[in-house]
1. Can you say whether Leu89 is assigned to a strand (DSSP E or B), touching an Asp or Glu at 6+ places or on another chain (Cβ under 9 Å) and either among the charged types (D, E, K, R) or crowded, with 23+ Cβ neighbours inside 10 Å (or both), as far as the supplied structure shows?
2. When the residues of region 27-80 are filtered to those that are among the hydrophobic types (A, V, I, L, M, F, W, C) and farther than 28 Å from Ala150 by Cα, which remaining residue is modelled with the lowest pLDDT?
3. What is the residue count in region 275-294 for residues that are hydrophobic (A, V, I, L, M, F, W, C) and out of contact with any helix residue (DSSP H, G or I) (no Cβ under 7 Å at 6 or more places or on another chain)?
4. Within region 277-298, how many residues are closer than 17 Å to Phe332 by Cα and among the acidic types (Asp, Glu)?
5. When you scan region 142-160, do you find a residue that is closer than 28 Å to Phe262 by Cα, surrounded by fewer than 21 Cβ atoms within 10 Å (Cβ to Cβ) and among the charged types (D, E, K, R), even just one?
6. Mind listing whichever residues of region 222-252 are surrounded by fewer than 24 Cβ atoms within 10 Å (Cβ to Cβ) and not in a helix (DSSP H, G or I)?
7. Cβ-Cβ under 7 Å, sequence separation 6+ or interchain: first residue in region 143-161 and among the basic types (Lys, Arg), partner assigned to a helix (DSSP H, G or I). Which pairs?
8. Test each condition in (1) in contact with a strand residue (DSSP E or B) (Cβ under 9 Å, 6 or more places away or on another chain); (2) outside any loop (DSSP other than H, G, I, E, B); (3) of a type in the set (A, V, I, L, M, F, W, C) for Ala181 and report the one that comes out false.
Amino acid sequence: MRKKRLASLLAAAGLLASTVPLLAAAQASALTTDTATGVDTATATVQADAAYLRQRPAWHRCSAEQPASYECATIKVPLDYRRPAGRTLDLAISRVRSTNPAKRHGVLLMNPGGPGGSGLDLPVAFGEAVPAEVAERYDLIGFDPRGVGASSPISCGLADAEQGIDRPYRPGSFPSDVTWARTIAEKCREKAGSVLPYITTRNTARDMDTIRAVLGERKLSYLGYSYGTYLGAVYAQMFPRRTDRFVLDSGVDPELIWRGMFQSWATEAEPAFARWTRWAAERSGEYHLGESPAAVSKTLWDLVARADRDPIVFQGEKISGDDIRGARALFFYPAQVTPLVVALKDAAEGKPAVTPGASGPDFDMKRALAGRSGTAAEPASDNGVAVFWSVVCGDTDAWPRDPERYRRDAVRDKAAYPLYGDFASNIKPCAFWPRPIEAQTPMKTPARVLTVQNEWDSQTPLASGLGLHRALKGSRMVLALGGEGHGVYLADPSSCAAAPVTAYLATGRLPARDITCRTPSPGADGQGASPSPSPVKPLPIPSGPGRF
């Protein structure tokens, strides 16, 4: 996918490190919903068709290559919770037990985001990043959400070229954009139409509560990143009495579900871009992109125009102006993106372009630019993309249905937010998706949960995190000023947010008030010189365009 090339380049170069049975009556078979609050209500009597709540996981070692402490199991969940005795889906779950049973508080379920992200390996992937006081209080529980990975995975049979999340607007290509969006919806309906309507956030929240029940827990604690914050918020609304210690890290604003979240990538990229121009101007002697923010901006836009006229040949690939604009997330990382802009500028001027961070005999630049992680012979999987569209299209009926509305909005937003506005507002498959089977979840019930946010997060921008905090009455927020990257807790051990989050998970006590602290940015905001980027193994938190 063209617009991911530059992001994939930096990622490959290591520059973006983000990214009890007695309770069965409480979740009986005849589930209904209070339409005013979104809370799931249930019959008072356990019925025979609630057998899925009485199953017990058959734990086993996940694999010989993984630690023996990392255990896996598969449970069954209803495809349609309104018909719990009907068709079922497999739900893959995992665990690493508490390191100190005497101090064990319960289970901590984890989700990495997406929609479409696999979370089965989180208990072992986080490994030593989990503080001791958290590891001893919880069994760490991972799972692949319904339709994802090992949990009855779905596919729309999409070709590689069809798997892009959004497209730049141009008058001549808009008809083909409409065709692409309609084709995705039609292929998904044809390939997985009997399942897709049930791959939604509300049903995944119900699956979470099933996990809680089959593990014999009265309440559920939770750590969710990105899209996982919205999933956690929905659970807290549907099952408020079973919500224990919830950490929602890198927040999705419930008021923006889901088209508004795409559009937030455009609106919030503009202040990040302005911040980058200031940073680069302050270092004009090193990077020579311009001595003022206006001059740096002109350099970038001249480069975009040049690449639109004649694509820049960069490390064996042709880079267009749309490719550069589509990499808007990179401008949230001034110390990392600036050397890349310099390299592109040099390539455009016919000078030798040195790719920042790229070295070593095993570095495959062409594969990095193309966003590939395997060999050329490996078939591309559309599982994550299929789940992504199922959720963002199936969660809400707020998507416009008229292609002309998308065209007008893309034209408007390209002018208002030139870096990414047209990408964000252009047509999506949701314009042709079947109507959702449930209404969007209202945020009406107070939720005493902890939200966490970096100031400079490209995927769930600060405005979105603040929106989640506002929507969840009774929540507290830990805001890391200066923090860069998507995902805070455990993703950045040096973050000033780490200590208050650990304290909350260990004690269950929310901070008395919101906490604002400062995490030094890597060379941004005038805090020191630009460091030499070094490869960092990112935690498994999805990032990059097309993932919340």
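1. No, not satisfied.
2. Residue satisfying both the conditions and the ranking: Ala44.
3. Number of matching residues: 1.
4. 1
5. Checked region 142-160: at least one residue is closer than 28 Å to Phe262 by Cα, surrounded by fewer than 21 Cβ atoms within 10 Å (Cβ to Cβ) and among the charged types (D, E, K, R).
6. Passing the criteria: Phe239, Thr243, Asp244.
7. Correct list of pairs: Arg146/Asn203; Arg146/Thr204; Arg146/Asp207.
8. Tallying (1) in contact with a strand residue (DSSP E or B) (Cβ under 9 Å, 6 or more places away or on another chain); (2) outside any loop (DSSP other than H, G, I, E, B); (3) of a type in the set (A, V, I, L, M, F, W, C), Ala181 fails exactly one: (1).
The values are calculated or read from the model by the stated rules, or taken from the named source; none is laboratory data. Quick caveat, the model's predicted, so the values are computed rather than measured. A quick note on method: Cβ atoms are made from the backbone with ideal geometry, for glycine too, and the neighbour counts reach across all protein chains shown.
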